[in-house]
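Some notes on the structure that comes next.
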Amino acid sequence: MRFSHSDSPLVVAAAQTLPVAGDLAANLRQHLAFVQAAALHKVNLLLFPELSLIGYEPDHMANHVMDMHDMQDGRLAPLREAATYHGMALVVGAAVVPDAQASAGHLLPSIGALVFHPSGRTEVYRKHHLHGGEERFASPGAAAAHITPLAGQPVGLAVCADITHAEHAQAASNAGAALYACSMLLSEKGYAPESAMLQSYAREHDMAVLMANFGAPSGGYQCAGRSALWAEGGSLVVAAEGVGSCLVVGRRQAGSWVGAVVPVEVPSP
């Protein structure tokens, strides 16, 4: 078993948010409301959907590019402070500056997963496998796998279309991931096949899989909600019943998972 042994429970959660198209301020307020709700349940790791800070809105990416090297960027300060204050790792979706190694001089931003550690350290994973058509507004990341210690566990990060390439999950597993954390936009049409993929990765690689999806339409897609957690071996621990604003919480202690779905009231845009 890849999870490190500890008497303290590991508590992870997927934030099923209701994105406001291109409105960074409104989405940030919503993120902070989710952090507050997660803190009440002693969550160690909180995962948000793909491009959660602006919604899956390609036309808005260029206007909201984040640079994780600019630690004075006031837009990111509330998230860094929340992670530190609550002792909670946050994985947040945003447009980010491209990876010079992969972008070959192109100026298009990348679709990123921003990681805010409780220590105040920050890092970024860039979506490696773009969905068909995304190359018009995004550059791919160079790294085929990104493993980072979150909540004391090795966590592999994935963003949406990454999961449709089996080698991405394989690379995370080979690098020792105990948890595969997937920031998604899953439509009603795509939910069944792609959630089945995620469950198969939990089964085949013996690693837990956490998936955060939007709970309302975004980018012209009718999102399915149903954010979920699968245990090592593939059994479903917990999933949201459908759309709407909620936390999907999983607690692991003494080698077993239990889960709950917690409604979250989000502030008005």
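The values are calculated or read from the model by the stated rules, or taken from the named source; none is laboratory data. Owing to the predicted nature of the structure, the values given are computational and were not obtained by experimental measurement. Neighbour counts are summed over all protein chains in view; Cβ atoms, including those assigned to glycine, are modelled from backbone coordinates with ideal geometry. Areas reflect the complete protein model, heavy atoms only, side chains present, ligands, DNA and RNA absent. Shrake-Rupley method; radii C 1.70, N 1.55, O 1.52, S 1.80 Å.
Using a ≥ b ≥ c from the Cα gyration tensor of region 136-185 (square roots of the eigenvalues), is it rounded, prolate or oblate, where a/c under 1.5 gives rounded and otherwise the larger of a/b and b/c decides, a/b for prolate? Kindly include the intermediate steps, with their values, before the conclusion.
Values: a/c = 1.93, a/b = 1.69, b/c = 1.14.
In terms of gyration-tensor shape, prolate.
Length gain on complete extension for the stretch Ser256 to Lys189, per 0.36 nm per residue less the alpha carbon to alpha carbon distance? Mind showing how you got there, number by number?
Working: separation 67, 0.36 × 67 = 24.12 nm, distance 3.18 nm.
Length gained, Ser256 through Lys189: 20.9 nm.
Under 14 Å from the Cβ of Pro58, count the other residues' Cβ atoms, weight Lys and Arg +1, Asp and Glu -1, and hand me the total. Please list the in-between numbers first.
Numbers: positive: Lys127, Arg136; negative: Glu50, Glu57, Asp59, Glu134, Glu135.
Surrounding charge for Pro58 is -3.
Suppose the chain between Phe3 and Glu167 were pulled fully straight at 0.36 nm per residue; how much longer would it get relative to their current alpha carbon spacing?
Value of the extension gain: 56.9 nm.
For the chain, what does the helix formula give at 222 nm: sum of -39500 (n - 2.57) over DSSP H segments with n ≥ 4, over the residue count, nearest 500 deg cm²/dmol?
-6500 deg cm²/dmol
For a test of the definition: using alpha carbon positions, the gyration tensor, and the 1.5 limit on a/c, classify region 191-256 as rounded, prolate or oblate.
oblate
Can you tell me the order of 251-258, 184-191, 42-49 when each peptide is scored by its average per-residue count of other Cβ atoms within 10 angstrom, highest first?
By packing density, highest mean first, the sequence is 42-49, 184-191, 251-258.
Under a 5 Å amide H to amide H cut-off, with H placed in plane at 1.01 Å, what residues pair with Ser218 once short-range neighbours are removed?
Cys223
What is the magnitude of the charge dipole of the chain about its Cα centre, with +1 placed on the Cβ of each Lys and Arg, -1 on the Cβ of each Asp and Glu, and no other charges, expressed in debye to the nearest 20?
Dipole of the chain, to the nearest 20 debye: 480 debye.
Could you list the square roots of 5 times each eigenvalue of the Cα gyration tensor of the chain, that is, the equivalent ellipsoid semi-axes, sorted largest first and rounded to whole Å?
Values for the chain, descending: 24, 20, 19 Å.
Tally Lys/Arg at +1 and Asp/Glu at -1 over every other residue whose Cβ is under 13 Å from the Cβ of Gly22; what's the total? Could the numbers behind the result be given before it?
Details: positive: none; negative: Asp23, Glu57, Asp59.
After counting each charged neighbour, the total is -3.
Classify region 136-269 from the C-alpha gyration tensor, please: rounded if a/c falls under 1.5, else prolate or oblate depending on whether a/b exceeds b/c. Intermediate values should be presented prior to the final figure.
On the way: a/c = 1.64, a/b = 1.14, b/c = 1.44.
Oblate shape, in that a/c is at least 1.5 and b/c is the bigger or equal ratio.
Quick one: of the DSSP bridges fully inside the chain, what percent are antiparallel, nearest 5?
70 percent
Given H placed on each backbone N at 1.01 Å, which residues far from Gly141 in sequence or on other chains put an amide H within less than 5 Å of it?
Amide H neighbours of Gly141, under 5 Å, 5+ apart: Lys127, His128.
Quick check for me: using +1 on Lys/Arg Cβ and -1 on Asp/Glu Cβ, what's the dipole size of region 94-191 about its Cα centre, in debye to the nearest 20?
Dipole about the Cα centre, nearest 20: 120 debye.
By how many nm would the segment from Lys42 to Ala196 lengthen if fully extended, with 0.36 nm per residue of separation less the alpha-carbon distance?
Fully extending the segment from Lys42 to Ala196 adds 52.5 nm.
In Å², and per residue, what accessible area does the chain have when probed at 1.4 Å with the other protein chains present?
40 Å²
Can you run phi through the Karplus equation (6.51, -1.76, 1.60; θ = phi - 60°) for region 120-129 and list ³J(HN,Hα) in whole Hz, with x for Gly and Pro?
Listing the rounded values in order: x, 6, 10, 8, 9, 10, 9, 3, 8, 9 Hz.
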